[in-house]
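S.K.: One structure coming up, written as structure tokens, with questions to follow.
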There are 2 protein chains.
Amino acid sequence: MNVLIVYAHPEPRSFNGAVKDIAVETLNAQGHTVVVSDLYAQGFDAIAGPRDVTQRLDPERFNLGHEQAHAAKTDSFAPAVQAEIDKLLAADFLILQFPMWWFSLPAILKGWIDRVFAFGVTYDFGRTWDNGVFTGRRAMLSFTASAPAAAFLPDGKNGDMERVLWPIHAGVLALCGYQVLEPQIAHGIPFVGEKAMLQMLDQYRKRLHTIDGETAMFFHDSKDMGDDYRLKASVKPATPAQHRGQRVHMV
Amino acid sequence: MNVLIVYAHPEPRSFNGAVKDIAVETLNAQGHTVVVSDLYAQGFDAIAGPRDVTQRLDPERFNLGHEQAHAAKTDSFAPAVQAEIDKLLAADFLILQFPMWWFSLPAILKGWIDRVFAFGVTYDFGRTWDNGVFTGRRAMLSFTASAPAAAFLPDGKNGDMERVLWPIHAGVLALCGYQVLEPQIAHGIPFVGEKAMLQMLDQYRKRLHTIDGETAMFFHDSKDMGDDYRLKASVKPATPAQHRGQRVHMV
């Protein structure tokens, strides 16, 4: 298969860099074709805006979605964006490799999504979820977190990790049709020490050998969703962020 | 009070721009001092990395947290970062104004957080949550979402908005000590039409007049948290992301 690893860390000799290297080495050895987008090394411009396109639909007023749709139709994405789109569309398996900063992606990786997951390319009206562009392809987050795993347990002080990851798992990957594999998380980096870090690399290497056989996480598909943008009354919510209980923060 | 509005939209004539203008006008008229960081207009560099500091702790190997802590001690943040830190530290009320892209912040605003919420400045060992740097100050998200509100109800196809917002509400703002107010959300932009959009601006204007009296959302504080990074057994989880149920995505 074709694998794209989008890697976002400012330091090549970081643990994130080592995890990325393990994936490249292991997947290559299995005969897969691996492409890496090393966003820091490429100096990837992460700011979605007028620079994304070479030809404007509306030169007076910039609307990102409209301009992306126009660029998709007229083949007028900026070369740096088009190059990443090409890699993404060629990949059967997408791995995002990053340090979790502020419970989320580093800005350079968020900007890669803002610009490369363009309207008219990776999603469109009616082309989302199981009708999405990437149906049949797989994606996975692989990241480091400085906090220990306990802090992200359901009753952890930081909140349940699967709820923390919902905006990326659901809002980016599943929404565009990907089968999303469970995340690869290295907790407590660098506090756990070198031995534990080497064990994590080894565990990841082993996981990658059998990753083809893994079952993806569950997301509701279009047959579960009503025309009112909600789950049908007959559907029992079965994901980390959907429920029929009371809200606690918002009215 | 001193208000900082961090505004992230590529188009000044966008609805986001209008919402930001309403806030400036309304808060100024009440006698508050309002400062705006207009990230796109400033050309804010959103990529955390070696450019954040003028003096390296470790010139060989870049670790963001270590370099931020060093810069905080030696007063050696890059001028563009220091300027934003100064504005942030002066603000009693922080408003983040943005279009929700991919269930999260635009990269330019995430990068503002990555760089400006620096270790040693906005948080430190033991200086988090109710012991945080910003204790007694308030913060709020104000954003547009193209999807209608129904899509983000508890059983909405996109998941419960309060769970979607957890990484920002808890992972950035409450973790640094802020009292977090309920978000100001403009749903269905631009599909709802001009009349509805003008009503939203009007509703925001009215809200801002009495925002001083609003009650902040609840987050567990340090007295609820055990040394094992989890809520104490006697504490009933009472936020959108903490619970004692089963996980559904992760083992």
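The values are calculated or read from the model by the stated rules, or taken from the named source; none is laboratory data. All figures in this text were calculated on a predicted structure; none of them were measured in a lab. Backbone-built Cβ (ideal geometry, glycine too); neighbour counts: all protein chains shown. Ligands, DNA and RNA are excluded from the accessible area calculation, which covers all protein heavy atoms including side chains. Shrake-Rupley method; radii C 1.70, N 1.55, O 1.52, S 1.80 Å.
S.K.: When the stretch A:89-133 is examined, which residues are found to be among the acidic types (Asp, Glu) and over 30 Å from residue B:68 (Cβ atoms)?
M.R.: A:92, A:124, A:130 - these are the residues of the stretch A:89-133 that are among the acidic types (Asp, Glu) and over 30 Å from residue B:68 (Cβ atoms).
S.K.: Test of understanding: among A:6, A:35, which residue is touching a residue at least 24 places away in the same chain (Cβ under 8 Å), surrounded by fewer than 19 Cβ atoms within 10 Å (Cβ to Cβ) and in a strand (DSSP E or B)?
M.R.: A:35
S.K.: I need a count of the residues in the stretch A:198-226 that are open to solvent by 20 Å² or more (accessible area, probe 1.4 Å), among the hydrophobic types (A, V, I, L, M, F, W, C) and more than 14 Å from chain B (Cβ to nearest Cβ).
M.R.: 3
S.K.: Now a separate question. Considering every residue within the stretch A:114-129, establish whether at least one is among the small types (Gly, Ala, Ser), within 16 Å of the chain's Cα centre (by Cα) and either open to solvent by 10 Å² or more (accessible area, probe 1.4 Å) or within 14 Å of chain B (Cβ to nearest Cβ) (or both).
M.R.: Yes, the stretch A:114-129 contains a residue that is among the small types (Gly, Ala, Ser), within 16 Å of the chain's Cα centre (by Cα) and either open to solvent by 10 Å² or more (accessible area, probe 1.4 Å) or within 14 Å of chain B (Cβ to nearest Cβ) (or both).
S.K.: State whether the residues of the stretch B:107-122 include one that is in contact (Cβ under 8 Å) with a residue 24 or more places away in the chain, part of a loop (DSSP other than H, G, I, E, B), of a type in the set (Val, Ile, Thr) and out of contact with any helix residue (DSSP H, G or I) (no Cβ under 7 Å at 6 or more places or on another chain).
M.R.: No; the residues of the stretch B:107-122 include none that is in contact (Cβ under 8 Å) with a residue 24 or more places away in the chain, part of a loop (DSSP other than H, G, I, E, B), of a type in the set (Val, Ile, Thr) and out of contact with any helix residue (DSSP H, G or I) (no Cβ under 7 Å at 6 or more places or on another chain).
S.K.: Now a separate question. Conditions first: (1) under 23 Å from residue A:18 (Cα atoms); (2) open to solvent by 10 Å² or more (accessible area, probe 1.4 Å); (3) in contact with an Asp or Glu (Cβ under 7 Å, 6 or more places away or on another chain). Residue A:192 passes all but one, so which condition is the exception?
M.R.: That leaves (3) as the condition not met.
S.K.: Does the stretch B:194-204 contain at least one residue that is aliphatic (A, V, I, L, M) and under 30 Å from residue A:217 (Cα atoms)?
M.R.: no
S.K.: In the list B:55, B:97, B:82, which residue meets the criterion of being of a type in the set (S, T, N, Q), outside any loop (DSSP other than H, G, I, E, B) and open to solvent by 20 Å² or more (accessible area, probe 1.4 Å)?
M.R.: Exactly one residue qualifies, and that residue is B:82.
S.K.: Next up: Considering B:133, B:235, which residue is within 10 Å of chain A (Cβ to nearest Cβ), touching an Asp or Glu at 6+ places or on another chain (Cβ under 9 Å) and assigned to a loop (DSSP other than H, G, I, E, B)?
M.R.: Going through B:133, B:235 in turn, just one is within 10 Å of chain A (Cβ to nearest Cβ), touching an Asp or Glu at 6+ places or on another chain (Cβ under 9 Å) and assigned to a loop (DSSP other than H, G, I, E, B): B:235.
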